[in-house]
Amino acid sequence: MKNWFKKHSKGIELAMDIIAFVMLCALCVVAGVMCAAISYGFTPHIAIRITYRVLLGLWWLNLVGYIRVKEYNRKRNKRKINTHEVAANIVDEFEELLDTHGITLPDKWRKGGEDEARIYGATYDALLENVEAKVIDAIHTVTDEEEVEIISDIF
């Protein structure tokens, strides 16, 4: 049931929107009938008054449900940003630049092989961590935290 709701939550939101509109129209019609009866000096029939109150109660329940579904969709449909991957791409660009200039950064874990990366070991890890922190800071600066889900330290 939960998976079905996740899959169809946008459709449910639309259906609740339509139901609220139809119920509001029905409320207006019933209220109009009651006002017309009162203006002609009649007491509206008990069935009309009960119908009005039932429709009003159902409309409020629908409204509460609609608000909850909207909140669920907003939380679930956050944009997801994998900051670790973004940081790794930035570091890779820097590494390509070092490669074009024939520069290799020293590191205590380096073994000296020709196929070793230009940025290696602890140097790579520290640079990746620092770049990722800067990316996260930039995201927080330009977006609202409720709009974006940050996925860090995972490729």
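None of the figures in this text is laboratory data; all of them are computed from the coordinates on show. Remember, it's a predicted structure, so these values are computed and weren't measured experimentally. Note: ideal-geometry Cβ built from the backbone for every residue, glycine included; neighbour counts use all protein chains shown.
In debye, nearest 20, what is the charge dipole magnitude of the chain about its Cα centre with +1 on Lys and Arg Cβ and -1 on Asp and Glu Cβ, if you could check?
Details: 19 positive and 23 negative charges, 378 e Å.
The calculation lands at about 1820 debye.
Take the Cα pairs of segment 2-76, get the Kirkwood Rh, then feed it into Stokes-Einstein at 20 °C and 1.002 mPa s and tell me D in µm²/s.
Numbers: Rh = 14.0 Å.
Rounded, D is 153 µm²/s.
Counting each pair of different Cα atoms once, what's the Kirkwood radius of the chain in Å, rounded to one decimal?
Every distinct Cα pair counted, the radius reaches 21.3 Å.
Counting alpha carbon pairs within less than 8 Å and at least 6 residues apart, what relative contact order, in whole percent, applies to the chain?
Working: 112 pairs, mean separation 40.9, N = 155.
26 percent.
Quick one: which residues, 5+ away or cross-chain, put their amide H under 5 Å from the amide H of E149? H built at 1.01 Å from N.
Placed amide hydrogens put R79, K80, I81 under 5 Å from E149.
What distance in nm separates the two pseudo spin-label positions at V148 and D115, each 7 Å out from Cα along the beta-carbon direction?
For V148 paired with D115, the spin-label model returns 3.7 nm.
Under 22 Å Cα-Cα from K134, which lysines qualify once same-chain neighbours fewer than 8 residues away are excluded?
Within reach: K78, K80.
Summing +1 for each Lys or Arg and -1 for each Asp or Glu, what net charge is found among the other residues whose Cβ lies under 11 Å from the Cβ of D92? Don't skip to the answer; put the middle values down first.
Values: positive: R118; negative: E85, E93, E95, E96, D99.
Net charge around D92: -4.
Hydropathy at least -0.5 by Kyte-Doolittle, axial extent at least 27 angstrom from the Cα trace: which helices of the chain, defined as entire DSSP H runs, fit?
Details: long enough: 2-39 (52 Å, 1.14); 46-76 (45 Å, 0.11); 121-142 (32 Å, 0.40).
Those that pass (Cα extent of 27 Å or more, hydropathy at least -0.5) are 2-39, 46-76, 121-142.
Could you check the spin-label model distance between N73 and I46? Points 7 Å from the Cα along Cα→Cβ, value in nm.
4.2
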